[in-house]
Every structure is written in C-alpha cells, then in structure tokens.
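The values are calculated or read from the model by the stated rules, or taken from the named source; none is laboratory data. Predicted model, so just to flag it, every value in this text is computed and none were measured. Here the Cβ positions follow ideal geometry from the backbone for every residue, glycine too, while neighbour counts run over all protein chains shown.
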C-alpha cells in the first residue's frame, strides 16, 4: 500500500511514517522544505517536495499520483498568523482533496482539531485556525471521498499509552502525538472506518479496539 503523507515532517506525521514503514507500507512524505529530506528517509519515507500554498494543480497531482491513501497532516504550525491558517490548514486541505478526486484516490484521512464543530467567530488566531479546519473538514466531506477526519484534543509529547477515547464526541482532554499517529496508522488499514468524523483524546480503550469499534458505533457523516 502506498500512503502519501502531506506535512510529513510534523511530529504526528513522523510517528505515522515510522509505524507504516514498520509494517511494510510504502510511504511518500510530502514537504515544502527539501532540507527535511534526510529526516524523512531516516523515518522510512520517500521524500517529495510540494508546497500546497503555492503549487499549481499539476504539481499537487504529481505529488499524490499513485497513492492508495492520502493523509493530510500539514499545518501552518505555532506562531503562524491567520492568513497562513487559511492558506494551508483550510485551502491546502481542500486542494489536496480536490487532487485526490481528480486522481481517483478514494481514501483520504485528515488530522483536524477538536473545537471545529462550533468554532468561535472572533478574530483571534486560534479561532481563525478552528474555522479554517472546520471549512476544510466540510469540504472534504462534500468531495465524496472515503474520508476519515480525526480531531485530536490537546497534543502532548508524552510517551504513547496505546489507549484512547475515540468517538464522534468525547470529553475535552489531551493525547500524546504518538497515540494520534497510532490511531491514524490503524485507520489507514481499516476501510470500514471511512466516512466518519471522530474526536480523539487519551482514554482507556486499546487503540486497535477503539478503531475497530468505529464502524458500529459512529454514524457516517452526511455531507
């Protein structure tokens, strides 16, 4: 299976690359900075350069071509302003989803964020970020892809626990980035989880069990 990860140098994405490579998946890591190539190769990915904020459609299609699964894990990151939240977290995700549709890549995973069901309307950067994520999630759902949208709570660099709370709605909380990556890796290999939006925090349920339960416990998205 060829899994293309957009934003492959982020912490969650690097954990995900190593997990997928360890079970024999082929991983293509897409980044905008060629200086990150060595790290991606060390993680087990084939690096590609594509800046989702500036690339044309043909370049994005070339970065995704041949993929079985696309994971959108890109983001403007801490310290970036509102304009980049809209340009990458929103528009970058939408452009990637549009490319997947053009290329016939059905399976599309998104790393989103809790708080996007009802984002604040003020001009604070974090509020703009949540609205950008909400708009991107809605566009991905409308695209008709076999999507799974994962909305983690507060992210930490704590060691993984292997246990989570994963459902359409969960109580606010935090989750190690490594556990988010482990959930994504399980979702990549579980097509029955497609068509759903879920929230994710630390919890008591083993990750494999939590992912396996989604098809029976979470209603599919409706547009």
Please state which one of 80, 67 is modelled with pLDDT under 95 and either farther than 22 Å from residue 219 by Cα or over 16 Å from the mean Cα position of the chain (by Cα) (or both). 80
Answer yes or no: is there a residue in segment 41-53 that is without any contact (Cβ under 8 Å) to a residue 12 or more places away in the chain and surrounded by 11 or more Cβ atoms within 10 Å (Cβ to Cβ). yes
Is it the case, given these coordinates, that residue 10 is touching a helix residue (DSSP H, G or I) at 6+ places or on another chain (Cβ under 8 Å) and surrounded by 16 or more Cβ atoms within 10 Å (Cβ to Cβ)? no
Restricting the search to segment 106-157, which residues are surrounded by fewer than 16 Cβ atoms within 10 Å (Cβ to Cβ), in contact with a helix residue (DSSP H, G or I) (Cβ under 8 Å, 6 or more places away or on another chain) and in a loop (DSSP other than H, G, I, E, B)? 117, 120, 121, 123, 143, 144, 157
When segment 193-209 is checked residue by residue, the ones that are in contact with a helix residue (DSSP H, G or I) (Cβ under 8 Å, 6 or more places away or on another chain), farther than 11 Å from residue 175 by Cβ and assigned to a strand (DSSP E or B) are 196, 197, 198
The conditions are (1) touching a strand residue (DSSP E or B) at 6+ places or on another chain (Cβ under 9 Å); (2) buried (at least 21 other Cβ atoms within 10 Å of the Cβ), and residue 90 fails exactly one of them. Which is it? (1)
Just wondering, is there one or more residues in segment 61-84 that are under 24 Å from residue 127 (Cα atoms), in a strand (DSSP E or B) and in contact (Cβ under 8 Å) with a residue 40 or more places away in the chain? yes
Would you mind stating whether residue 3 is buried (at least 16 other Cβ atoms within 10 Å of the Cβ), in contact with a helix residue (DSSP H, G or I) (Cβ under 6 Å, 6 or more places away or on another chain), without any contact (Cβ under 8 Å) to a residue 60 or more places away in the chain and farther than 23 Å from residue 87 by Cβ? no
For residue 192, work out the one condition from (1) surrounded by fewer than 21 Cβ atoms within 10 Å (Cβ to Cβ); (2) in contact (Cβ under 8 Å) with a residue 24 or more places away in the chain; (3) out of contact with any strand residue (DSSP E or B) (no Cβ under 6 Å at 6 or more places or on another chain); (4) at negative phi it doesn't fulfil. (2)
